[in-house]
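Some notes on the structure that comes next.
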Amino acid sequence: MTTSETLLHPDVFAILANKHIEHEALACDPALADTAEFCREYGYAPEQSANALVVGSTKGEPVFACCVVLANCRLDVNKVVRKKLGARRVSFANPDVTKELTGMELGGVTPIGLPESLPLWIDSRVMQCEKIILGGGNRSSKLLLPPEGLLKLPNSEVVDGLANLIPTD
């Protein structure tokens, strides 16, 4: 029998337990861990799936943050994120930097278990969902949880307009 403890990254499981964050762990084929493939294969809607995206400054002293946005939205990197980071230029962290900062691979990054020094910004649309799907800290698991659980994490902040809906034309 698979449990949260056996599916999730050990640090993620420990934090969920210690902070009493309600959740359900879901097994995921690592080859299908990227959001679009996961949604298509497992029947979840993009408007219920959230991505944890690490972004950082590209000029001067490196400054990073983790942003949680729904999969049907696009992170506003050039305006909102840049301004909040206080940086002149901002981009998505590459896979190596993401792994170095979070200890997690793309497709499995979750805001649960991030270093306390990394700000966690959550788009306000995420908070409107009853439950969201997130990475489980590895590419072989996902988390289903109420978004309010994210507010129990250090440095978490809900940000209006952090992301914009992707046009569906």
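Some observations on this one:
- The stretch 1-44, subset aliphatic (A, V, I, L, M) and farther than 24 Å from P95 by Cβ, residue surrounded by the most Cβ atoms within 10 Å (Cβ to Cβ): L16
- Any hit, the stretch 79-93, residues being touching an Asp or Glu at 6+ places or on another chain (Cβ under 7 Å), on the phi < 0 side of the Ramachandran plot and outside any strand (DSSP E or B): no
- Of the helices (runs of 4 or more DSSP H) lying entirely inside the stretch 1-63, those containing at least 2 residues that are small (G, A, S) span 10-18.
- Subset of the stretch 48-99 (residues that are surrounded by 17 or more Cβ atoms within 10 Å (Cβ to Cβ) and of a type in the set (D, E, K, R)): D76, R82, K84
- Summed over the stretch 38-72, residues that are in contact with a helix residue (DSSP H, G or I) (Cβ under 8 Å, 6 or more places away or on another chain) and acidic (D, E) total 1.
- Within the stretch 101-146, considering residues that are among the hydrophobic types (A, V, I, L, M, F, W, C), part of a loop (DSSP other than H, G, I, E, B) and within 12 Å of A52 (Cβ to Cβ), the one farthest from the chain's Cα centre (by Cα): L118
- Single condition E116 does not satisfy, out of (1) touching a helix residue (DSSP H, G or I) at 6+ places or on another chain (Cβ under 8 Å); (2) touching a residue at least 24 places away in the same chain (Cβ under 8 Å); (3) surrounded by fewer than 19 Cβ atoms within 10 Å (Cβ to Cβ); (4) on the phi < 0 side of the Ramachandran plot: (1)
- Selection over the stretch 1-42 of residues that are polar (S, T, N, Q) and within 17 Å of the chain's Cα centre (by Cα) gives a count of 1.
Just so you know, all these numbers are worked out from the coordinates, no wet-lab data involved. Predicted model, so just to flag it, every value in this text is computed and none were measured. No Cβ is skipped: glycine too gets one built from the backbone with ideal geometry, and neighbour counts run over all protein chains shown.
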